[in-house]
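The values are calculated or read from the model by the stated rules, or taken from the named source; none is laboratory data. Bear in mind that the values here come from a model prediction, so they are computed numbers and not experimental data. For accessibility, only protein heavy atoms count, side chains too; no ligands or nucleic acids. Shrake-Rupley method; radii C 1.70, N 1.55, O 1.52, S 1.80 Å.
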Amino acid sequence: KQRYRHYAESMSASKRKANSPSSDSSISTVSGRQTPEPSVQPPTRAAPLLRSKWADLEKDVQKYLEFHQEHITHYHYVLHYDPSNFFHTDLIDLALTYKPLLYAVVGFAAYYHTLRQPDGKLSHFLSYYSRSLSLLRQSLHTGQPRTEATILTILQLATFEEHLGDWPNLIGHHRAAHEMLLGMYTIENVMDTE
């Protein structure tokens, strides 16, 4: 909330400055101090370093990760602001360490890729969604510790279900993520990571 409030304040300050004849659009004044104006990171081609991290993955998974990097933005996740470019950096890094999240992200990208194809088929993205679900269930049933990647997998699946209009599964995933959040975080440590 603090980050969003800071963003909102800086945006309104920059709008006021933009209306003045001598404004520098890259600097805004918030609470009497100058701060750089936040920028929205547009999707970009995956950096070679990032691509090298997924070089050992199957070709179709690489294709959809590349698509995610080039075409998916924070707006696809129904967020107005992503100051740290989380969806192109941290989310992908975590996905490369946790298969259920990897297939959830790939499935989400495959969904949008399929929508762009005139002959797109449900099976192109539903197979990744199903694989993510089964790997997540397996992870939860074997007693693996709950991590940020576990919560992000559930939230990625919920985002996917919201786009599909699958309300019963969406509600179930929201509840599961909520319970995990309450179990893993406190008021003191909830803001420690993005």
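Extension gain, Q62 to L164, is 34.4 nm, computed as 0.36 nm per intervening residue step minus the present C-alpha separation. The largest accessible area among E188, E70, E58 belongs to the first residue in E188, E58, E70, and the rest follow in falling order (1.4 Å probe, all chains). Placing I72, I171 in order of accessible area, with the largest value first and a 1.4 Å probe, yields I171, I72.
F67 contributes about 20 Å² of solvent-accessible surface, heavy atoms of the protein only, 1.4 Å probe.
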